[in-house]
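Q: Here it is, the structure in full.
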Amino acid sequence: MIREIISHSEEETFEIGNNLSKILSPGDVVGFKGGLGAGKTILIKGILEGLGYDSRNVVSASFVIAQEYKVKYPVVHIDLYRFENNEEIHYIDWDSYVSLDKLVLIEWSEKVKDFLNFSLKIDINFISQNEREIKFDTKII
Ligand SMILES: Nc1ncnc2c1ncn2[C@@H]1O[C@H](COP(=O)(O)OP(=O)(O)O)[C@@H](O)[C@H]1O
Ligand SMILES: [Mg+2]
């Protein structure tokens, strides 16, 4: 099923993430797609804030591949921005991140082709400078 929401500001996208945190649970793998500056990280900050984390402390995951947050339950934030090809992505030790007791949030998830089972895919499209169309493609909502 696909559902869409229009966000009119960064704050609204953050709030959507905050609400989204209520329907996510450990074991879920969520993919975020959208170009640079789409709002993937803002959405993830909203999710983390919703799980009790002070999102001002969320760092860019681009340089570490994966950042783990101990919130209500462990949340792994993965950013595949720097990964160019599928070969490289296969070298990531996915088994060490994906687990039934962790929520996994993956930016640039379109680079992961078919070997991860996503619970939810979120696709963010630019409409204008401050507007984004956020599409949810899911098995769980
Ligand atoms: N409606 C919106 N939702 C999210 N971000 C927005 C929106 N409008 C403008 N922005 C801006 O777009 C940028 C999104 O940044 P970020 O979340 O880091 O993008 P990404 O992780 O997708 O590269 C921020 O600078 C933010 O202020
Ligand atoms: Mg980002």
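The values are calculated or read from the model by the stated rules, or taken from the named source; none is laboratory data. Computed from a predicted structure; not experimentally measured. Note that we place each Cβ from the backbone using ideal geometry, even for glycine, and neighbour counts take in every protein chain shown.
Q: Looking only at strands (runs of 3 or more DSSP E) that fall completely inside segment 87-141, which ones have 1 or more residues that are in contact with an Asp or Glu (Cβ under 6 Å, 6 or more places away or on another chain), touching a residue at least 40 places away in the same chain (Cβ under 8 Å) and under 18 Å from His77 (Cα atoms)?
A: Passing ranges, in order: 103-107, 120-126.
Q: Checking the condition within 16 Å of ligand 2 (Cβ to nearest atom), more than 23 Å from Lys70 (Cβ to Cβ), at pLDDT 95 or above and surrounded by 15 or more Cβ atoms within 10 Å (Cβ to Cβ), which residue from Ile122, Ile106 passes?
A: Exactly one residue qualifies, and that residue is Ile122.
Q: Name every residue in segment 1-54 that is of a type in the set (D, E, K, R), out of contact with any strand residue (DSSP E or B) (no Cβ under 8 Å at 6 or more places or on another chain) and closer than 29 Å to Asp95 by Cβ, in order of residue number.
A: Lys22, Lys45, Glu49
Q: Related question: Is it true that some residue in segment 54-70 is of a type in the set (Val, Ile, Thr), out of contact with any Cys (no Cβ under 9 Å at 6 or more places or on another chain) and under 27 Å from Glu4 (Cβ atoms)?
A: yes
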